[in-house]
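The values are calculated or read from the model by the stated rules, or taken from the named source; none is laboratory data. All values reported here derive from a predicted model rather than from experimental measurement. Here the Cβ positions follow ideal geometry from the backbone for every residue, glycine too, while neighbour counts run over all protein chains shown. Each accessible area value is taken on the protein alone, full model and side chains, heavy atoms only, with ligands, DNA and RNA left out. Shrake-Rupley method; radii C 1.70, N 1.55, O 1.52, S 1.80 Å.
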Amino acid sequence: AEDYVGVLRARRALAVADSNVRTLEALVSDVGAMFERELVPKNELLAVQVALADARQNRLRAANAAEIAQATYNRRIGEPLDRPAELQADVPAPAALPTDLDALIEMARERRTELAALGEQAQAYGQMAKMERARVLPQVSLTGGYNYLENQFLNDDAVASAGVGVQWALFDGGQARKRAAALDRTRRATLEQREDAESIIALQVRQAWLGVEETRQRVRVTADAAEQAEENLRIARERYGAGLGTQPQLLEAETLRVRALTTRDDAELDAGLARLRLARAVGAL
């Protein structure tokens, strides 16, 4: 999941870098036209051209990061490193889970295999301890048999037999008791280990649940911020074209827009990853 989200994150960063380049190319064109009409000094044209050059460098770095992320993902799934990875635009959503924290923790207790394994181990140690104690108890055995012999010298060809056996180890030097006590200690230690694992799993579920709640709020806030940044850039361009704004304000508005888009994409991908982590914490993955 981490590598999958890494590819999506790198691709979204590349899309934002592309958007930044296109916006600055348009600004260079607008400022260039204004410079030709002698409406702005040359240093303002040079400033947006420098900003465009930086944006193109950032796009090259973003494209390289996207290639590396894709190669890393392909390696993880055993595919050729240069294979184009066809992924969904968003993180795949797991099956619907309860929203209540207590219900999620109870689900984890029921589904996490490590808890079941430790419980089975403790039960097995308990049964082994009972077997050791049983060694010093009276052992009664019943035997029976039936034989048929084709022999002309016997009056009765069928022979049936039955027997009862009793075995009782009156004294073994306390070996069985000691082995049973050792197994009981191991059983109790395993149960304590299970309780500790259950506490750790409850903490993992709580952390994952809080992560989902946090990212849900981040998605809402960053989506609003991205819309506001787009509107801020539009207003800054109009003010600059009308001679009411400055060129630094215009570039700052574009910087804020890129930052807001990046933050929004990170929040959306983190939200998808948080849902997967919660599903894994409760044993649904």
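Summary of values
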{"quantity": "Checklist (1) part of a helix (DSSP H, G or I); (2) within 29 Å of the chain's Cα centre (by Cα) applied to P84, failing item", "calculated": "(1)"}
{"quantity": "Cross-chain or 6+ apart pairs with Cβ under 8 Å, region 175-190 first and touching a residue at least 24 places away in the same chain (Cβ under 8 Å) and within 14 Å of L118 (Cα to Cα), then open to solvent by 30 Å² or more (accessible area, probe 1.4 Å) and among the hydroxyl-bearing types (S, T, Y)", "calculated": "T186/Y125; R187/Y125; T190/Y125"}
{"quantity": "Verdict on A281 being open to solvent by less than 70 Å² (accessible area, probe 1.4 Å), more than 23 Å from R11 (Cβ to Cβ) and in contact with a helix residue (DSSP H, G or I) (Cβ under 6 Å, 6 or more places away or on another chain)", "calculated": "yes"}
{"quantity": "Residues of region 26-68 that turn out to be of a type in the set (D, E), touching a residue at least 24 places away in the same chain (Cβ under 8 Å) and surrounded by fewer than 14 Cβ atoms within 10 Å (Cβ to Cβ), as a count", "calculated": "0"}
{"quantity": "Count - residues of region 199-211 that are within 13 Å of E114 (Cα to Cα) and either open to solvent by 50 Å² or more (accessible area, probe 1.4 Å) or at pLDDT below 90 (or both)", "calculated": "2"}
{"quantity": "Candidates A226, A176, A189 - the one that is part of a helix (DSSP H, G or I), touching a helix residue (DSSP H, G or I) at 6+ places or on another chain (Cβ under 7 Å) and at pLDDT 90 or above", "calculated": "A226"}
{"quantity": "Test result for R22, open to solvent by 40 Å² or more (accessible area, probe 1.4 Å), under 30 Å from R9 (Cβ atoms), at pLDDT below 90 and of a type outside the set (S, T, N, Q)", "calculated": "no"}
{"quantity": "Members of region 224-260 that are aliphatic (A, V, I, L, M) and either open to solvent by less than 20 Å² (accessible area, probe 1.4 Å) or in contact with an Asp or Glu (Cβ under 8 Å, 6 or more places away or on another chain) (or both)", "calculated": "A226, A229, L233, A236, L250, A253, A260"}
{"quantity": "Close pairs from region 97-115: first without any contact (Cβ under 8 Å) to a residue 60 or more places away in the chain and on the phi > 0 side of the Ramachandran plot, partner open to solvent by less than 70 Å² (accessible area, probe 1.4 Å) and among the basic types (K, R), Cβ under 8 Å, at least 6 apart", "calculated": "none"}
{"quantity": "Number of the exception - Q193 against (1) within 30 Å of T99 (Cβ to Cβ); (2) under 26 Å from the mean Cα position of the chain (by Cα)", "calculated": "(1)"}
{"quantity": "Residue match in region 69-81 (condition: surrounded by fewer than 17 Cβ atoms within 10 Å (Cβ to Cβ), small (G, A, S) and in a loop (DSSP other than H, G, I, E, B))", "calculated": "yes"}
{"quantity": "Some residue of region 1-19 being outside any helix (DSSP H, G or I) and either surrounded by fewer than 17 Cβ atoms within 10 Å (Cβ to Cβ) or touching a Cys at 6+ places or on another chain (Cβ under 9 Å) (or both)", "calculated": "yes"}
{"quantity": "Checklist (1) open to solvent by less than 90 Å² (accessible area, probe 1.4 Å); (2) in contact (Cβ under 8 Å) with a residue 24 or more places away in the chain; (3) in a helix (DSSP H, G or I) applied to E214, failing item", "calculated": "(1)"}
{"quantity": "Qualifying residue in region 78-89 (condition: under 18 Å from T262 (Cβ atoms) and modelled with pLDDT under 85)", "calculated": "yes"}
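This table checks each residue for (1) part of a helix (DSSP H, G or I); (2) surrounded by fewer than 14 Cβ atoms within 10 Å (Cβ to Cβ).
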{"position": "Q88", "(1), (2)": "no, yes"}
{"position": "A95", "(1), (2)": "no, yes"}
{"position": "P98", "(1), (2)": "no, yes"}
{"position": "D102", "(1), (2)": "yes, yes"}
{"position": "R109", "(1), (2)": "yes, no"}
{"position": "L118", "(1), (2)": "yes, no"}
{"position": "M128", "(1), (2)": "yes, no"}
